[in-house]
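In what follows, a structure is listed as structure tokens, so that the remarks can point back to it.
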Amino acid sequence: MAALGKIRSAGKFLIFIIGLGLFAFIAEEGFRSCEYLRNDQRQQVGEVLGEKINVQEFQKLVDEYSEVIKMQQGQENLNDEQLNRVKDMVWNSFVQNKIIAKEAQKLGLTVTDQEIANILAEGTNPMLMQTPFVNQQTGRFDVNALKKFLADYKTQQNANPQLAKQYDTIYKYWTFIEKNLRQQLLAQKYQSLFAHCLISNKIEAKMAFNDQNQESQIQLASLPYSSINDSKVTITDADLKAKYDELKPRFRQYVESRDIKYVDIQVDASAKDKADLQKQMEGYAKDLATAANPSEVVSKSSSLIQYTGLAVSKDAFPYDIANRLDSMAVGSTSAVISNKIDNTLNVIKLVSKQQLPDSIQFRLIQVAGADMAAAKKSADSICTAIRNGGAFEEIAKKYNQQTGEKTWMTTRQYQSAPTVDADTKNYIESLNTMAVNEVKVIPLTQGYLVAQVVDRKNMINKYVAAVIKKNIEFSRDTYTAAFNKFSAFVSANQTADAIIKNAKASGYTVQERKDVTTSEHYLAGIHSTRDALKWLFEAKKGEVSPMYECGDNNHLLVVVLDNINKKGYRTLDDEQVKEMVKAEVMKDKKAEMLMAKLNGVNSVNAAKSKGANVTTINQITFAAPTFIPSTGASEPALSGAVAATAKGKFSAHPVKGNAGVYVFQVMNKTNRAGKFDEKSEMQKLRQKYMQNAGNFMNELYIKANVVDNRYLFF
């Protein structure tokens, strides 16, 4: 009982302890939940209509589209610029498809399997022409070829691994095309439905025809705004505020952007670096001139252009190299050539030049045996049999070579290969030099080929050239010196004002960029600046970034966050906005002054006496803005005023234009040759409305609350 009493006496304390423990437990779970949410947010590439996409999902879409591009262009890999374009295409498609899907769902629009089947049967959609299922004879998409492939794909899953991989690649490509066909058709349905809300009529068609075909000739008197000095115009804050309120919709910003000032240093080769490379290249030139095997010298030099020893067309070489081949003698070696365009030094040795076919049609039989001697014996027998009139196809079948089908090979198929093994080189050289219908045994490392050339087309000059091309690059010492100097500058100038004030004295230039957004891949157009972009969109106004090593390992960069332009309406305090508003107010006030000057003027000559420039302007129509040579501007308002003024009449009042104030006399009005076709004009208006309807995406995009965080990941 005593113990129980002690417990009771400490009850309040125990309740406090237990409560504290429960709070700690709940708080820990809350912290875990918040951390989970933060981690989830860190993985979000973007958001559309409240739907988020994480980096793994986005990367999967990028990989899918990358494979499609590689297959279409026959490339193994994509460079950075190509990958950036892919990421932009994927992002734009993702956003558009989400927006269209949401709108289509509201309207009950769908794409059925039957509609897709109809498109495949028709075979005219441009997407289908990018698939492997195009009939080479008709040049049209062949739906039966697709059906056969899909049937074969199911049976190839357990077949030869290499063949199964090829089938899988094509299958993934097709599923991508089919998915995009559905998305394209849904978007077309929505746009068509939207466009049908805009109609044309007979009266409108007649007016449009007249607007395009009625031409006026005028005597024009113009007073340009430039005739009044800006210093003679007084602009008050009230003027700016009133004009800003009038133009405010122009200054709406739909995504946040940032203005920066920055110092960018590109490290270039020093005079010593260039002299050292020149000396090295002169040594390579001597070695190349005397080398029995140019490939050893080219390989040793680490040239940007590999030597294969194959005869290729000029197209295989860079322009600066190709341009010199015909002026060189076979066997000669050039001096060291500088190319400022690609910043390289070059040496060329022309090994050979000969006329060879650009296209060769041939067929092959592969021959193997218990050993090379047995294979050689079989190959010789096959060759003799064909030369004696044996049917190539029948002999090929006998040796399990399918049908011995004829194949075309073009120079482009092999001339860009970075390396060529001995067997491939021997095979290509043999086909290039064989006569039509000649049969030849071509030895390989693991067997023999019996080849017959069936046809040769387009004889062209082909060249074997050994090229040493090396970039003029800075040395480690040069980079270190530039790094140390710039690093010292950044360390000594830690504020925005200090950097801007002292850059010039240190030999640096401060540059600026307005409206940088998260959709950009590079800051200030410099490669490898993702870290700088991440810093920029986390920094506060006036902050100075760390020094970044970026570019292609040849840039040093420091950034100042000059201003943050929030989403919404940019204010009159914004420097760019203020300048635009001021220019409009200046134009308005000058227009008032010039119109007052022309007050009471009732003829072109009277306007001329007031200092106006008088010219004759022909072929003015209501449908197009009139270009005025004396002011150098297009003036839509003048086109409208002229159309509304009868022949022989003087303008009712001065016209305020983009670059000046105008009065005019209509000298003549004529109609262009041509008969009004009501149906045709209505169709033109319909097409115009269809094009205008295409702008609906801009409005839907604005309302979709799109968030683009790709800069954090790519």
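The values are calculated or read from the model by the stated rules, or taken from the named source; none is laboratory data. None of these values were measured; they are calculated from a predicted model. Cβ coordinates were reconstructed from backbone atoms using ideal geometry, including for glycine residues, and neighbour counts include every protein chain displayed. Please note that ligands, DNA and RNA were not included when accessible areas were found on the heavy atoms of the full protein model with its side chains. Shrake-Rupley method; radii C 1.70, N 1.55, O 1.52, S 1.80 Å.
Which whole-number percent is the relative contact order of the range 347-461 (Cα, under 8 Å, 6+ apart)? Value for the range 347-461: 47 percent. Surface composition of the range 116-263: carbon plus sulfur atoms hold 52% of the accessible area, using a 1.4 angstrom probe and ignoring ligands, DNA and RNA. Put simply, the amide H of E635, placed in the peptide plane, has neighbours under 5 Å in T626, F627, I628, leaving out anything fewer than 5 places away on its chain. Pairs of Lys residues in the range 422-476 that lie 8 or more places apart, or on two chains, and have C-alpha atoms under 24 angstrom apart add up to 7.
Counted by Cβ distance under 15 Å from Y153, the other residues give a net charge of +2, where Lys and Arg count +1 and Asp and Glu count -1.
The order of the peptides 84-93, 333-342 by mean Cβ neighbours within 10 Å, most packed first, is 84-93, 333-342. With an 8 Å Cα cut-off and a minimum separation of 6 or more residues, compute the relative contact order for the chain in percent. Computed over the chain, the figure is 23 percent. Given that just one value was derived from the coordinates, which of [x] -0.46, -0.61, -1.18; [y] -0.54, -0.70, -1.27; [z] -0.93, -1.13, -1.36 is log10 I(q)/I(0) by the Debye sum over Cα atoms at q = 0.07, 0.08, 0.11 Å⁻¹? Calculated log10 I(q)/I(0) by the Debye sum over Cα atoms at q = 0.07, 0.08, 0.11 Å⁻¹: the matching label is [z].
Scalar couplings 3J(HN,Hα) for the range 558-570, obtained by applying the Karplus form with A = 6.51, B = -1.76, C = 1.60 to θ = phi - 60°, are 9, 10, 10, 7, 7, 7, 10, 9, 5, 5, x, 8, 6 Hz; x denotes Gly and Pro. Helix-only arithmetic for the chain: the sum of -39500 (n - 2.57) across DSSP H runs with n ≥ 4, divided by the residue total, places the mean residue ellipticity at 222 nm at -15000 deg cm²/dmol.
Pairs of lysine residues in the range 135-223 that meet both criteria, 8 or more places apart or on different chains and Cα atoms under 23 Å apart, total 11.
With K and R counted +1 and D and E -1, the other residues having a Cβ less than 13 Å from that of S327 yield a net charge of +1.
Remark: relative contact order (the range 569-714) = 15 percent; criterion is Cα-Cα distance under 8 angstrom and separation of 6 or more residues. At a probe radius of 1.4 angstrom, the accessible area of the chain per residue rounds to 58 square angstrom.
Exposed loop sites here are GluC sites (Glu not before Pro) assigned a DSSP state other than H, G, I, E or B and surrounded by at most 16 other beta carbons within 10 Å; excluding them, the longest clear run of the chain is 77-255. For A417, no residue has an amide H sitting under 5 Å from its own, ignoring neighbours fewer than 5 places away on the same chain, with H placed 1.01 Å from N.
Rounded to the nearest Å, what's the spacing between the alpha carbon centres of the range 249-267 and the range 482-536? Just the number, please. Taking the Cα centre of the range 482-536 as reference, the centre of the range 249-267 is 13 Å away. In order along the range 136-142, the Karplus-derived 3J(HN,Hα) couplings, from 6.51 cos²θ - 1.76 cosθ + 1.60 at θ = phi - 60°, round to 5, 7, 8, x, 10, 5, 10 Hz, and Gly and Pro are given as x. Taking the accessible area of the range 493-604, probe 1.4 Å, and keeping the other protein chains in place, the carbon and sulfur fraction comes to 46%. Backbone phi angles across the range 599-604, fed through the Karplus curve with coefficients 6.51, -1.76 and 1.60 (θ = phi - 60°), yield HN-Hα couplings of 4, x, 5, 10, 7, 5 Hz in residue order; Gly and Pro are listed as x. For E681, neighbours were defined as the other residues whose beta-carbon sits under 12 Å from its Cβ, and their charges (Lys and Arg +1, Asp and Glu -1) total +3.
For the range 626-657, the residues whose backbone nitrogen is under 20 Å from a point 7 Å from the Cα of L247, taken along Cα to Cβ, are 632-638, 656-657.
Between the range 589-664 and the range 67-118, what is the separation of their alpha carbon centroids in Å? That distance is 50 Å.
If you take the Cα centroid of the range 426-443 and the Cα centroid of the range 321-397, the two points sit 8 Å apart. The H on the amide N of A465, modeled in the peptide plane, is under 5 Å from the matching H of V351, each at least 5 residues off or on a different chain. Taking T424, T517, T290 and ordering them by how much accessible surface each has at a 1.4 Å probe, largest first, produces T290, T424, T517.
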